[in-house]
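Any read-out appearing in this document is the output of simple, stated calculations on the displayed coordinates, not a laboratory observation. The shown structure was predicted, so the numbers you read here are calculated from the model rather than taken from an experiment. Note that each Cβ is placed from the backbone with ideal geometry, even for glycine, and that neighbours are counted across all protein chains shown.
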Amino acid sequence: KELSFFVEENDTSSFCNYNNVIIIFLYATLIIAASFGLLLQLYVWKPYRRDEQLGGLAQILSIVFSAYRLTNPSGILLGDNFVFSLLVSLSMSFGLVAVNEFFKDYLVYLSKPVDVDSHREYVQRWSKIFLKLRLWISTFDVVAFQSLWIATLSTVDNQISLILVRLLFTAVVINAMYVIGIVYLMLQFVKDLQQIVTFHKTSRPNTGNSLVVLFAIKNLSQRKHMRIVQYAVCISTVIMLLLPLVWDFFFQQGCYLIPFGHINSSIAGYPAILSHLDRTKSDQIRGSVTAEEQNYKTENNAKDSVQNITYPEITL
């Protein structure tokens with residue numbers, strides 16, 4: 001059955017590893033999850049955003065390869081059917097590169113110098129490192145993900161195909177660990193929003209909300225939720241795909257893990273997509289944090305430690 005083609009085991013060892021009903025359920029669920037994600041993507045669509053372009057393509061390809069698989073669930077197999085494997089590879093490539101592009105804005109924000117404390121310097125230093133790694137990680141992802149359809153061309157030695165598909169799992173694990181690091185650094189962005197909201201409430205409770213304060217109030221809880229979701233998805237992805245790298249039994253479960261991973265990613269992308277709803281105000285917000293905090297400094301000289309912070313521009 002699916003992916004057992006690559007594992008040197010006898011037929012009885014893989015007899016119970018494949019369930020056609022589960023396969024149909026997973027790909028049907030993926031069509032629903034990806035379709036809803038695509039609708040959200042179209043709702044907040046900004047054609048100049050590369051992450052939205054790539055994310056939209058990934059959702060479309062997920063719908064296409066899932067529908068194609070459902071036309072013959074037991075005959076169209078990963079690593080065996082060239083067209084199906086190619087569509088899955090392209091969807092994964094576009095999807096994970098879109099994730100890296102999405103988090104680029106946060107890394108740019110966090111990499112800007114802020115004279116506050118040693119922890120902020122630590123965040124700034126690592127944000128610069130992650131920015132430099134972004135291109136290399138994305139390039140490695142795109143190249144490694146092509147191994148799935150290349151594996152369908154290997155008819156001489158099953159071990160070559162086994163290595164190729166495990167290379168794909170390795171790329172997903174590396175990308176997930178990369179995103180985990182970014183999500184950890186994003187805690188500083190959440191703290192910045194919290195400080196803006198707290199300072200405004202305590203120091204200027206009777207004044208109107210500026211654009212940046214409105215932005216912070218509206219996005220604080222959403223960004224907290226997004227961090228939790230991304231943590232859960234990335235950690236579960238690492239756990240799920242590390243096992244197939246070292247254990248043939250779990251490697252064969254890749255027929256379930258790959259569609260399940262796509263479902264996971266589609267649902268996890270909903271908060272990130274919805275975070276784009278405020279893009280229309282980004283030009284107005286850009287740079288206003290600095291002006292806002294400078295006004296706070298003038299009016300409330302050394303009254304609160306937050307006044308000593310001049311935040312970088314928010315362009316998210």
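Here the Karplus curve 6.51 cos²θ - 1.76 cosθ + 1.60, taken at θ = phi - 60°, turns the phi angles of the range 171-180 into couplings of 4, 5, 4, 4, 5, 5, 5, 4, 5, 4 Hz, with x standing for Gly and Pro.
Round to the nearest 0.05 the FRET efficiency obtained for ILE32 and SER236 when R0 = 22 Å and r is the Cβ-Cβ distance.
That pair, ILE32 with SER236, gives E of 0.65.
Computed from phi, the 3J(HN,Hα) profile of the range 60-69 under the Karplus parametrisation 6.51, -1.76, 1.60 (θ = phi - 60°) reads 4, 5, 4, 5, 5, 6, 5, 5, 5, 5 Hz, with x in place of Gly and Pro. Per-residue extension of 0.36 nm, minus the Cα-Cα distance of GLU121 and ILE22, leaves a gain of 30.8 nm for this segment.
The range 56-109 and the range 26-44 have their alpha-carbon centroids 12 Å apart. Projected onto their three principal axes, the Cα atoms of the range 28-168 cover extents of 60, 40, 22 Å, largest first.
Using 0.36 nm per residue of separation minus the Cα-Cα distance, give me the extension gain between TYR48 and LYS132 in nm, one decimal. Before the final figure, lay out the partial values.
Values: separation 84, 0.36 × 84 = 30.24 nm, distance 2.23 nm.
Gain on extension, TYR48 to LYS132, equals 28.0 nm.
Here the Karplus relation 6.51 cos²θ - 1.76 cosθ + 1.60, evaluated at θ = phi - 60°, turns the backbone of the range 242-253 into coupling constants of 6, 4, x, 6, 10, 9, 4, 4, 6, 4, 5, 6 Hz, with x for every Gly and Pro.
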